[in-house]
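Chemist: Pasting in a structure now, in structure tokens, and then I'll have a few things to ask.
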């Protein structure tokens, strides 16, 4: 069983996509996409399960609009 993440929008608009990043230290590299683990359809709230249960991983999420403009990086969360 993997790591389940739940997240939701904080703004008034529904994003077109969510980009999910996983790191074991530091912050994700958004320029190269090296830490990108998933892109999921946008919604007011969403759930995604990381099939790789990476010990000590921190996850960050960004939202993308219809023009593929990416929101600022969310604060990182470590699943319990």
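Bear in mind that the values in this text are calculations on the coordinates, not laboratory data. Just so it is clear, the model here is predicted, and its values are computed rather than measured. FYI the Cβ positions are ideal-geometry reconstructions off the backbone, even for glycines, and counts take in every protein chain you see.
Chemist: How much FRET efficiency would the formula 1/(1 + (r/R0)^6) give for residue 64 and residue 1, where r is the Cβ-Cβ distance and R0 is 35 Å, rounded to 0.05?
Modeler: Working: r = 28 Å, r/R0 = 0.81.
Plugging the Cβ-Cβ distance into 1/(1 + (r/R0)^6) gives 0.80.
Chemist: Using 0.36 nm times the number of residues separating residue 10 and residue 53, minus their current alpha carbon distance, what extension gain do you get? The partial results should precede the final answer.
Modeler: Numbers: separation 43, 0.36 × 43 = 15.48 nm, distance 2.70 nm.
Stretched fully, the residue 10-residue 53 segment lengthens by 12.8 nm.
Chemist: For the chain, what proportion of DSSP beta bridges, expressed in % and rounded to the nearest 5, is antiparallel?
Modeler: Of all bridge pairs located within the chain, approximately 100 percent are antiparallel.
Chemist: Let me ask you something else. If neighbour count is taken as other Cβ atoms inside 10 Å, put 3, 27 in order from fewest to most.
Modeler: Details: 3 18, 27 12.
Going from least to most buried by this count: 27, 3.
Chemist: Over the chain, what is the mean sequence separation of C-alpha contacts under 8 Å (at least six apart), divided by residue count, expressed as relative contact order in percent?
Modeler: 38
Chemist: Return the equivalent ellipsoid semi-axes of region 3-64 as a descending list in whole Å, where each equals the square root of 5 times an eigenvalue of the C-alpha gyration tensor.
Modeler: For region 3-64, the semi-axes come out at 20, 14, 9 Å.
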